[in-house]
């Protein structure tokens with residue numbers, strides 16, 4: 001394990017020091033996120049998938065991982081490299097499909113840029129802490145079938 005500056009991961013990251021081999025094509029894909037770490041006073045950039053980022057960021061809230069899977073199929077960008085827009089509502093943006101119309105002002109006031117993966121996931125965490133899974137109720141038929149939701153629901157009932 002190594003120190004991390006990825007928001008939401010705290011001081012220790014579950015990202016192994018040796019990443020699987022990725023091709024240049026993989027690294028340029030919109031499904032990868034550049035992260036940087038400081039090890040022995042050297043900045044090291046690595047690419048991880050959006051899915052790996054989301055799974056690490058929400059490791060303490062597994063239902064949010066399932067929501068990201070249902071909402072965006074773990075994509076922050078579309079095939080052209082543009083910020084992912086919702087299929088039903090094109091104001092839904094990024095991996096957590098945060099709606100710009102309803103959330104742009106509040107997210108900006110809190111210092112989150114929902115067009116970045118860091119801001120998108122951080123604002124999603126804020127929403128989850130305030131409202132639970134309700135903001136993603138439109139995709140509930142997908143994520144309510146998961147073990148992560150069953151566990152979340154069991155804890156919420158207590």
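Throughout, read-outs are computed from the coordinates displayed, never taken from laboratory work. Everything numeric here is computed off the predicted structure, so don't read it as measured data. Counting neighbours? That spans all protein chains shown, and the Cβs are built from the backbone with ideal geometry, glycine included.
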Problem set entry | Distance between modelled label sites at residue 80 and residue 134, nm, 7 Å Cα→Cβ extension | 3.6
Exercise. If we restrict to alpha carbons, what Rg and Dmax does segment 52-157 come to, in Å?
Worked result: 12.9, 43
Exercise. Between residue 89 and residue 156, what length in nm is gained on full extension when 0.36 nm per residue of separation is reduced by their alpha carbon distance?
Worked result: 21.2 nm
For this session: Rank by packing, highest mean first: peptides 127-134, 91-98, 56-63, with packing defined as the count of other Cβ atoms within 10 Å averaged across residues.
Result: 91-98, 56-63, 127-134
Problem set entry | Gain upon complete extension [residue 108, residue 144; 0.36 nm per residue less C-alpha separation] | 10.0 nm
